[in-house]
Amino acid sequence: MRTPHDSAHHTTDVGGLLPDANGQLVVQPVLEMSVAAQVSTIVRINSTTYRVPVVTADPSAAFFGTTTTNGPAGLGSLTTSTTVGAFTSTDPFAEAISEAEQVGSSIDFFVTDPATALTLEKVRKAIGSNEPLLGADATQPGLRRILGVPLLVSSTVAAGVVWGIDSAFVQLVVRDATRLDVDQSAYFSSDRVGVRATMRVGIAVTHEMSVAKITAA
C-alpha cells in the first residue's frame, strides 16, 4: 500500500521509446558484454541482406558452435586451420600464430572455455617456478595473454578448445532497428511492465583459414 508520501516514480511512456533509445538500452549493453562482439568487426546495417567479399585463396553459443536452429552457422562449421598439442607450453599457440601468418592473417584474440583457461593459468614457465606461463597486463588487471595475444573466456566454447581469431576477417553483423515490444498487462498482478527486445545478428567470416582451432592433445 502506498502512502501520500510515497516518492516512487513510474514511467508510463515506455512504449514511446525511439529507435535511438533502443540502441542505447538494448544494443549497446549487449555488444559491450558479448565476447563475439569483442573479437569481431561490428557492421551495422538497416536492410535485410548483407554482402561481403570472401577470400577464397590460400564471430555466444551460435558464434562458437556449428549450426543453430533459426540462427547463423558458427565458427565450428568452418574449414579452419587446426593445431593439436599439449597445453603444457605455448608451443601449440605459436604454431597457430605461424599458420595464420602464412595465409595473410594475424591472430589478435584467443578464446577458450573456463576449464581450459584454468588449466593454462596453472602452467608455470619452468619447473619450480611460481611465474605463470600466461602473460599479464598491469594496465588491465585480469586480462590474460598468450604470447602477447589476449585470452578471453566464454562458457559457450567447447571444452578443450582454444579459438584463434583475426577480428579483421570475422564480422558480427547487427541489423539496425532493434524491435522493442512493451506489454503492460503481462504482469498485471504486480507493478511491472513486460519488455521484449528482438535483435537480429549474423556472423560473416571472410577468410576461413584465418581462424585457428587449437585442441588439447
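The values are calculated or read from the model by the stated rules, or taken from the named source; none is laboratory data. Model, not experiment: these values are computed from the prediction. Counting neighbours? That spans all protein chains shown, and the Cβs are built from the backbone with ideal geometry, glycine included.
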Next item on the list: Just give me the residues in the stretch 179-217 being surrounded by fewer than 18 Cβ atoms within 10 Å (Cβ to Cβ), touching a Gly at 6+ places or on another chain (Cβ under 8 Å) and closer than 30 Å to Asp113 by Cβ, in sequence order.
Entry: Thr215, Ala216, Ala217
Check: Has the stretch 99-113 got any residue that is aliphatic (A, V, I, L, M) and not in a loop (DSSP other than H, G, I, E, B)?
Finding: yes
Next item on the list: Provide a single number: the residues in the stretch 114-148 that are among the hydroxyl-bearing types (Ser, Thr, Tyr), surrounded by 13 or more Cβ atoms within 10 Å (Cβ to Cβ) and either modelled with pLDDT under 80 or outside any helix (DSSP H, G or I) (or both).
Entry: 0
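Let me confirm something: among Gly71, Gly164, Gly65, which residue is closer than 15 Å to Ala212 by Cβ, surrounded by 15 or more Cβ atoms within 10 Å (Cβ to Cβ) and not β-branched (Val, Ile, Thr)?
Working: Gly71 fails: closer than 15 Å to Ala212 by Cβ; Gly65 fails: closer than 15 Å to Ala212 by Cβ.
Gly164 is the lone residue from the list that is closer than 15 Å to Ala212 by Cβ, surrounded by 15 or more Cβ atoms within 10 Å (Cβ to Cβ) and not β-branched (Val, Ile, Thr).
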Next item on the list: Go through Ser129, Ser210, Ser190, Ser155 for me and flag whichever is under 20 Å from Ser89 (Cβ atoms) and among the hydroxyl-bearing types (Ser, Thr, Tyr).
Entry: Ser129
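Quick one: in the stretch 85-98, which of the residues that are among the small types (Gly, Ala, Ser) and in a loop (DSSP other than H, G, I, E, B) is surrounded by the fewest Cβ atoms within 10 Å (Cβ to Cβ)? I'd like the intermediate steps shown before the answer.
The first filter runs over the stretch 85-98 and keeps only residues among the small types (Gly, Ala, Ser), leaving 85-86, 89, 94, 96, 98.
Applying the additional criterion that residues be in a loop (DSSP other than H, G, I, E, B) yields 86, 89.
On the way: Ala86: 10, Ser89: 12.
Checking each candidate, the answer is Ala86.
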Next item on the list: Could you please let me know if Ala177 is within 30 Å of Pro72 (Cα to Cα), more than 19 Å from the chain's Cα centre (by Cα) and either in a loop (DSSP other than H, G, I, E, B) or among the aromatic types (Phe, Trp, Tyr) (or both)?
Entry: yes
Next item on the list: Report yes if Ala57 is under 16 Å from Val111 (Cα atoms) and either assigned to a loop (DSSP other than H, G, I, E, B) or at pLDDT 85 or above (or both), otherwise no.
Entry: no
Notebook entry, point to check: Taking the stated definitions as given, is Val111 in contact with a Leu (Cβ under 6 Å, 6 or more places away or on another chain), farther than 30 Å from Val43 by Cα and surrounded by 13 or more Cβ atoms within 10 Å (Cβ to Cβ)?
Noted result: no
Margin query: Take the residues in the stretch 13-39 that are aliphatic (A, V, I, L, M) and outside any helix (DSSP H, G or I); name whichever of them is modelled with the highest pLDDT.
Written below: Val39
Note to self: Take the conditions loosely packed, with under 14 Cβ neighbours inside 10 Å and in a loop (DSSP other than H, G, I, E, B) and apply them to Ala159. Does it pass?
What the structure shows: yes
Checklist line | Residue count, the stretch 67-86 (criterion: of a type outside the set (S, T, N, Q), under 23 Å from Thr156 (Cβ atoms) and out of contact with any Phe, Trp or Tyr (no Cβ under 9 Å at 6 or more places or on another chain)) | finding: 4
